[in-house]
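Heads up: the structure comes next, in structure tokens.
None of the figures in this text is laboratory data; all of them are computed from the coordinates on show. From a predicted model like this one, the values you see are computed outputs, not experimental measurements. Virtual Cβ from ideal backbone geometry, glycine too; neighbours counted across all protein chains shown.
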Amino acid sequence: MRTNIEIDDALMVEAQNASGQQTKKQTVEQALRMMIRLRRQREVGKAFGKYRWRGNLARNRKGRGTG
């Protein structure tokens with residue numbers, strides 16, 4: 001999708017340096033992916049403790065070098 005937006009030059013330079021990306025497009029795309037990933041992680045965190053786990057922990061750990 002072609003989009004034309006005004007971005008602060010200093011912010012873009014800092015973002016490119018931090019990300020290691022060579023182009024503005026790559027930098028913006030990486031930032032968008034990161035934002036989506038963080039949002040999804042937050043949603044998973046909200047579900048913590050809401051679901052009951054059923055299983056045998058001792059059996060699951062066998063073969064992993066523990067107990």
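Tell me, please, whether a residue that is free of Cβ contacts under 8 Å to residues at least 12 places away in the same chain and touching a helix residue (DSSP H, G or I) at 6+ places or on another chain (Cβ under 8 Å) can be found in segment 32-44. Taking every residue of segment 32-44 in turn, none turns out to be free of Cβ contacts under 8 Å to residues at least 12 places away in the same chain and touching a helix residue (DSSP H, G or I) at 6+ places or on another chain (Cβ under 8 Å).
Tallying residues that are under 30 Å from ASN4 (Cα atoms) and not aliphatic (A, V, I, L, M) within segment 15-67 yields 19.
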